[in-house]
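One structure is given below, encoded as structure tokens.
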Amino acid sequence: MATTHVESTADLAALHRRTLAVVMASQVFSGAGLAAGVTVGALLAQSMLGTTSLSGLPSALFTAGSAAAALLIGRLSQRLGRRAGLTAGYLAGALGGVGVVLAASLDNVPLLLVSLLVYGAGTATNLQARYAGADLVGPDRRGRAVSAVLVATTLGAVVGPNLVTVTGRAAEQWHIPALAGPFVLAAVGYGIAAAVLFVLLRPDPLQVARALPGGEAVPGPGDSPGRSPRFRASVTAGAATMVLTQLVMVAVMTMTPVHMQDHGHGLGATGLVIAVHIAGMYLPSPITGVLVDRVGRIPVAVASGVTLLAAGVVSATAPESSVALLTLALGLLGLGWNLGLVSGTAIVTDAAPPSTRAKTQGTVDLCVALSGAGGGIASGMIMSATSYATLSVIGGVLALAVIPFVASSGRRP
């Protein structure tokens, strides 16, 4: 295993800053890839499948793909380092984006479904990158390190949805369906992110963390962290926070474009709402990171559930013609997700030593992605059987389940 000797604390701090800069640069491009597919995925499926009840299928598929990729990226990172795992994940996401464009051009539904699965690897990698930012810092700065990576995603993630109309027109000029245009942007964004990490993420932060004193130490059978009540309680609390916030966010976000289209709103308005939503997901990260480090993981996790409930209430009561209120609701939805992700990530990373960290994180992200897949599938069925308002209320109430999970852990790491 290749490692880099760190001479001093100053060397480690400098390496951490360089690692953050590289990962943040890759996130700018990957954010565009993430947001583009989210914005039009449900609309493309509705167009190709001819039914609203299955319009949540794209979200379910690329979230299921994200689940498998999260586990594989975690295992690959554990063996070969963050650079190998993240590069492979983004390349798979780019390949999936190309496949979606081909499927839409050929009106090939099986190819669309397979490509959406592969495209999900980009989503998993986008989230796994946050762990790379936290490998070389202690618990007192971990929330801010995670948030720095997340906020870098904001530029691409906010710009991406607002390029839906532009990329759609460009696609039509290339004789490609307009709704496939954003996936061209996704493929390019993920490809550039992979190149940035492959070339510049040297030395590997996880391998350096293992080389630090105690980094590779594995406790004996009597005190194995995997059998420790504290380890289990902490990982369960962090995982539950991320799982529930992901489920609720994906369910409501996926059906919002469909709801807006059903009530006469154009792609421009839909792109604006999703852009604000994604800004809410990533832009508050610096503040969230400070809160997680200074106020504590558990209070911020509780705040995530309360914020998601507020988002559900606003979206459920918003008049069908009100883009402004839907924008507010989706902004709150993104903020609740952000609070849950940063606090949950810090809880899990605190509990996992470098010797098993990537594997633990990959397993947790597998559960997070599976919850998102479930939310994507259920959202279309619930909305088809009831209404968007009912879906929003169910999601908001479900988010409050975060509170007993984190309260049961009973400690701030």
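The values are calculated or read from the model by the stated rules, or taken from the named source; none is laboratory data. Source: prediction; values computed, not measured. Cβ: placed from backbone, ideal geometry, glycine included. Neighbour counts: every protein chain shown.
Residues being among the β-branched types (Val, Ile, Thr) and either within 18 Å of residue 354 (Cα to Cα) or out of contact with any Ser or Thr (no Cβ under 8 Å at 6 or more places or on another chain) (or both): count how many of those fall in region 195-205. First the steps, then the outcome.
Within region 195-205, the first condition is being among the β-branched types (Val, Ile, Thr), and the residues that meet it are 196, 199.
Now drop any that are not either within 18 Å of residue 354 (Cα to Cα) or out of contact with any Ser or Thr (no Cβ under 8 Å at 6 or more places or on another chain) (or both), which leaves 199.
The number of residues fulfilling the criteria is 1.
Select, from 292, 323, the only residue that is touching a Leu at 6+ places or on another chain (Cβ under 8 Å) and over 20 Å from residue 396 (Cβ atoms). Even if it seems obvious, please write down each step before you answer.
Numbers: 292 fails: touching a Leu at 6+ places or on another chain (Cβ under 8 Å).
Within the list 292, 323, the selection yields 323.
Of all residues in region 315-327, which are touching a helix residue (DSSP H, G or I) at 6+ places or on another chain (Cβ under 9 Å) and touching a residue at least 24 places away in the same chain (Cβ under 8 Å)?
Within region 315-327, 315, 316, 317, 320, 323, 326, 327 qualify.
For region 361-387, give me each residue that is closer than 27 Å to residue 206 by Cα and among the aliphatic types (A, V, I, L, M).
Passing the criteria: 364, 366, 368, 369, 370.
Go through region 284-312 and give me each residue that's in contact (Cβ under 8 Å) with a residue 12 or more places away in the chain and not in a helix (DSSP H, G or I).
Answer for region 284-312, where residues must be in contact (Cβ under 8 Å) with a residue 12 or more places away in the chain and not in a helix (DSSP H, G or I): 284, 296.
Any residue in region 342-349 that is under 20 Å from the mean Cα position of the chain (by Cα), at pLDDT below 90 and in a helix (DSSP H, G or I)? Show your work before the answer.
Taking region 342-349 first, the residues under 20 Å from the mean Cα position of the chain (by Cα) are 342-349.
Okay, now just the ones that are also at pLDDT below 90, so 349.
Going one step further and asking which of them are in a helix (DSSP H, G or I), we end up with 349.
Yes: one or more hits.
This table checks each residue for (1) at pLDDT 55 or above; (2) under 16 Å from residue 358 (Cα atoms).
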site	(1), (2)
207	yes, yes
215	yes, yes
218	no, yes
222	no, no
225	no, yes
228	yes, no
240	yes, no
246	yes, no
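Select from region 241-268 the residues that are assigned to a helix (DSSP H, G or I) and over 17 Å from the mean Cα position of the chain (by Cα) and list them in ascending order. Lay out the reasoning, then the answer.
Initial filter on region 241-268 (assigned to a helix (DSSP H, G or I)): 241-262, 267-268.
Answer for region 241-268, where residues must be assigned to a helix (DSSP H, G or I) and over 17 Å from the mean Cα position of the chain (by Cα): 255, 256, 257, 258, 259, 260, 261, 262, 267, 268.
I need a count of the residues in region 385-410 that are on the phi > 0 side of the Ramachandran plot and in a helix (DSSP H, G or I). First the steps, then the outcome.
Here is the first cut: in region 385-410, the residues on the phi > 0 side of the Ramachandran plot are 410.
Those left that are additionally in a helix (DSSP H, G or I): none.
Residues meeting the conditions: 0.
What about residue 335, is it in contact with a helix residue (DSSP H, G or I) (Cβ under 9 Å, 6 or more places away or on another chain) and modelled with pLDDT of 95 or more?
The answer is yes for residue 335.
Select the helices (runs of 4 or more DSSP H) contained entirely in region 88-180, then report the ones holding at least 3 residues which are of a type in the set (Lys, Arg) and buried (at least 23 other Cβ atoms within 10 Å of the Cβ). First the steps, then the outcome.
On the way: elements: 109-132, 139-162, 164-173.
Helices (runs of 4 or more DSSP H) meeting the threshold: none at all.
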